[in-house]
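*Asks:* Before anything else, here's the structure in question.
The values are calculated or read from the model by the stated rules, or taken from the named source; none is laboratory data. Computed from a predicted model, the values in this text were never measured in an experiment. Every residue, glycine as well, gets a Cβ built from its backbone with ideal geometry; the counts of neighbours run over all protein chains shown.
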Amino acid sequence: MRTAMLVLAAVLAGSANAMNVFEYKKAVEQNRASEVEILLVGMGRALVLSNAIMERDSGSALYCQPRDVALTARQYREILDDEIRKFPGVRPDIPLEFLLVGGLKRTFPCR
């Protein structure tokens, strides 16, 4: 479990220059969809890898996305937008990764 948490922390720390909620909303308003989608796909891939390492090392995962389901940029964006709608009072400086992880956990819960 310790290894898995270190991997997840490294992924989140490695994206220190990623967008926060404020920057995301601003990018969407300015129609910078390609920038947002590239970022979300990168985040998504990093989370898939971290999740797989966590599952391998500890036997448990953050979320349980079916192995035959590959998410697109649009799907990551829908998951993220749903999270932002669910938490309208979310602080604007919160990194998107935290909301995306929460959305993936709700979309693909482990049973």
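*Asks:* Please go through the range 58-104 and give me each residue that is more than 10 Å from the chain's Cα centre (by Cα), of a type outside the set (Val, Ile, Thr) and not in a loop (DSSP other than H, G, I, E, B), ordered by number.
*Replies:* Once the filter is applied, which keeps residues that are more than 10 Å from the chain's Cα centre (by Cα), of a type outside the set (Val, Ile, Thr) and not in a loop (DSSP other than H, G, I, E, B), the range 58-104 yields Ser58, Ala73, Arg74, Gln75, Glu78, Asp81, Asp82, Glu83, Arg85, Lys86.
*Asks:* Residues that are hydroxyl-bearing (Ser, Thr, Tyr), within 21 Å of Met19 (Cβ to Cβ) and surrounded by fewer than 15 Cβ atoms within 10 Å (Cβ to Cβ): does the range 51-66 have at least one?
*Replies:* No, the range 51-66 has no match at all.
*Asks:* Another one. Name the single residue that is farthest from Arg67 (Cα to Cα) among those in the range 85-97 being touching a residue at least 60 places away in the same chain (Cβ under 8 Å) and hydrophobic (A, V, I, L, M, F, W, C).
*Replies:* Ranking the candidates gives Val90 first.
*Asks:* Could you check the range 1-27 and list, in sequence order, the residues that are part of a helix (DSSP H, G or I), at pLDDT 90 or above and surrounded by 15 or more Cβ atoms within 10 Å (Cβ to Cβ)?
*Replies:* Val21, Glu23, Tyr24, Ala27
*Asks:* What pairs come out if I take residues in the range 20-36 that are within 19 Å of Phe98 (Cα to Cα) and pair them with residues that are outside any helix (DSSP H, G or I) and charged (D, E, K, R) whose C-beta lies under 7 Å away, six or more apart or interchain?
*Replies:* Correct list of pairs: Asn20/Asp93; Phe22/Asp93.
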